[in-house]
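The values are calculated or read from the model by the stated rules, or taken from the named source; none is laboratory data. Predicted model only: the values in this text are computed from it and were never measured. Because the Cβ atoms are built from the backbone with ideal geometry, glycine has one as well, and the counts that use them run over all protein chains shown.
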Amino acid sequence: MRAPLLLFATLLIAPAFPQSDAPLDSIAWDRMASWMKPNGRNKRHNFQFHFRYGEHYRFDGALGCVSKRDKASPAGHRYKTASVAKTFVAVLVLQLVEEGRIALDSAVVHYLPDELVRPLVRVKGKDLGHTITVRQLLAHTSGLSDYIFDDWRFLLRTQLNPSRARTPQEHLRITVKHGMAKRKTSLPGSAFHYSDTGYLLLALLVEEVGAASLNAQLQQRICSPLGLHDTWTDSWDSSYTRQMHQYHGRRDVTAVLHPSVEFGGGGLITSTADLARFIHGLAKGELFRERSTLGLMLKRHSPAYGLGIAVIRFDAKPSGIAGLDSLTMIGHSGFFGVNMYHIPELDVTWVSSIGQVKGFEKERRALPWWPLLKECIRLYGVKPRE
């Protein structure tokens, strides 16, 4: 997908890590450069990548340019996370659960207006939105449709007027008006269906119960404790400074939707460094009072999803990893080619933003994290789970 590689590359290796890691660095750079090569008509303009193997090895690199027009290196630039934002929202909800202000198995209408939630799921002629629980929203088992990707009319309407802001309540009413309560829905609690609608409701719930905006609580409860300096909820006014552009094929989709469209489901701006710090801090229990809350978050409600976080387990032996029977990777991916993951068994964190939607899901194993992981295990051995 890519035309000539724009050779702006930045390597930020922390001094604490030895220079004998040059072969590992070469693996990372070679795999990044290979991924950036032209592949059909979908040019890859930029790539940011972070990898850390405990205290043994760290890599931070960037290739390409900020956008088609801005040829500066994308190193250090912020970007839209899309669905990676769901993990942040889930943390805020679970913090409020720890404080006794939200009950996971309470109906959402206990916190939000019945008339807003009830019409969102309709099964066999009956409105069932009022039976949806907070836990079901977090786990994508609420029965809700996805107001963005299940409804082409919604996407068309918002793309035709990308500068128009709409409230979350407006988005929900449009969903009902378009008949989405009767399509792509199921009985609450009966099935997994990935839904941005659920996380729009969760963000509203956080604002209602927390008595402050989503961004204010994000800063207070997550960014400040972890020292995140490049993370905030997306806004039309101020979010495009130092922002890496993202593409769907040849189309620049950085500003194709008004930021109000994504809200709790994906409306976050951040940086690679902040995502790495966030997922590592979350995995180490730095965001919850009780370790059991993290366990609750990681309990799977579908083959690969917990509460606002992917929980991916894979057999390590056929993958060529000696010393381990299996690995668990926790984190999230986002529509714009963003990955944020941690492997607890090895204390491995990796984050990438490839700036391109097309080919993103199919080529995750082609990213540098996989060969780096195997080589680090060969060099440094398997770190036992803490």
| message | Exactly one condition in (1) in contact with a Phe, Trp or Tyr (Cβ under 8 Å, 6 or more places away or on another chain); (2) surrounded by 20 or more Cβ atoms within 10 Å (Cβ to Cβ); (3) modelled with pLDDT under 95 is false for Ser260; which is it? | response | (2)
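Yes/no matrix, rows are residues, columns are (1) in contact (Cβ under 8 Å) with a residue 24 or more places away in the chain; (2) under 27 Å from Gly306 (Cβ atoms); (3) not hydroxyl-bearing (Ser, Thr, Tyr):
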residue	(1), (2), (3)
His56	yes, no, yes
Lys68	yes, no, yes
Ala72	yes, no, yes
Ala75	yes, no, yes
Thr87	yes, yes, no
Gln95	yes, yes, yes
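Would it be correct to say that Ala90 is under 20 Å from the mean Cα position of the chain (by Cα) and either within 30 Å of Met244 (Cβ to Cβ) or assigned to a loop (DSSP other than H, G, I, E, B) (or both)?
yes
Taking region 297-315, which residues are aliphatic (A, V, I, L, M), touching a residue at least 40 places away in the same chain (Cβ under 8 Å) and surrounded by fewer than 18 Cβ atoms within 10 Å (Cβ to Cβ)? Can you show your working first?
Just the residues of region 297-315 that are aliphatic (A, V, I, L, M), to begin with: 297-298, 304, 307, 309-312.
Checking the rest, the ones that are also touching a residue at least 40 places away in the same chain (Cβ under 8 Å) come to 297, 307, 309.
If the condition is that a residue be aliphatic (A, V, I, L, M), touching a residue at least 40 places away in the same chain (Cβ under 8 Å) and surrounded by fewer than 18 Cβ atoms within 10 Å (Cβ to Cβ), then no residue fits.
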| field | Subset of region 135-188 [under 29 Å from Gly306 (Cβ atoms), modelled with pLDDT of 80 or more, assigned to a loop (DSSP other than H, G, I, E, B) and more than 23 Å from the chain's Cα centre (by Cα)] | value | Ser186, Leu187, Pro188
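Condition first: closer than 24 Å to Lys299 by Cα and surrounded by fewer than 19 Cβ atoms within 10 Å (Cβ to Cβ). Now tell me which residues in region 132-188 satisfy that.
Within region 132-188, the first condition is being closer than 24 Å to Lys299 by Cα, and the residues that meet it are 132-146, 185-188.
Of everything in region 132-188, those that are closer than 24 Å to Lys299 by Cα and surrounded by fewer than 19 Cβ atoms within 10 Å (Cβ to Cβ) turn out to be Ser186, Leu187.
Pick out the one residue from Ser195, Ser213, Ser224 that is under 22 Å from Ser145 (Cα atoms) and modelled with pLDDT of 80 or more. Before the answer, list the steps.
Working: Ser213 fails: under 22 Å from Ser145 (Cα atoms); Ser224 fails: under 22 Å from Ser145 (Cα atoms).
None of the others qualify; the one that does is Ser195.
Quick check on region 277-285. Is at least one of its residues charged (D, E, K, R), out of contact with any Leu (no Cβ under 8 Å at 6 or more places or on another chain) and closer than 23 Å to Ile377 by Cα? Please lay out each step first, then the result.
To start, the set of residues in region 277-285 that are charged (D, E, K, R) comprises 277, 284.
Restricting the remaining residues to those that are out of contact with any Leu (no Cβ under 8 Å at 6 or more places or on another chain) gives 284.
Keeping just the survivors that are closer than 23 Å to Ile377 by Cα gives 284.
Yes - at least one qualifying residue is present in region 277-285.
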| message | Go through (1) part of a strand (DSSP E or B); (2) touching a Cys at 6+ places or on another chain (Cβ under 7 Å) for Pro74 and report which single condition fails. | response | (1)
| task | Please identify the pairs in which a residue from region 108-125 that is free of Cβ contacts under 8 Å to residues at least 40 places away in the same chain has its Cβ atom under 8 Å from the Cβ atom of a residue that is among the small types (Gly, Ala, Ser) and not in a helix (DSSP H, G or I), counting only partners at least 6 apart or on another chain. | result | His110/Ala103
| task | Determine the pairs where a residue that is on the phi > 0 side of the Ramachandran plot, located within region 277-295, has a partner that is surrounded by 14 or more Cβ atoms within 10 Å (Cβ to Cβ) with Cβ atoms under 6 Å apart, the partner being 6 or more residues away or on another chain. | result | Gly285/Leu294
| Single residue of region 256-276 satisfying the filter (within 11 Å of Thr231 (Cα to Cα) and assigned to a helix (DSSP H, G or I)) that is farthest from the chain's Cα centre (by Cα) | Ala273
| said: Condition first: within 23 Å of the chain's Cα centre (by Cα) and among the basic types (Lys, Arg). Can you find one or more residues in region 68-83 that meet it? | reply: yes
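Does region 69-84 contain at least one residue that is out of contact with any Pro (no Cβ under 7 Å at 6 or more places or on another chain), within 20 Å of Thr197 (Cβ to Cβ) and surrounded by fewer than 24 Cβ atoms within 10 Å (Cβ to Cβ)?
Step one: of region 69-84, the residues out of contact with any Pro (no Cβ under 7 Å at 6 or more places or on another chain) are 69-84.
Narrowing further to those that are within 20 Å of Thr197 (Cβ to Cβ): 80-84.
Restricting the remaining residues to those that are surrounded by fewer than 24 Cβ atoms within 10 Å (Cβ to Cβ) gives 82-83.
The answer is yes; a qualifying residue exists.
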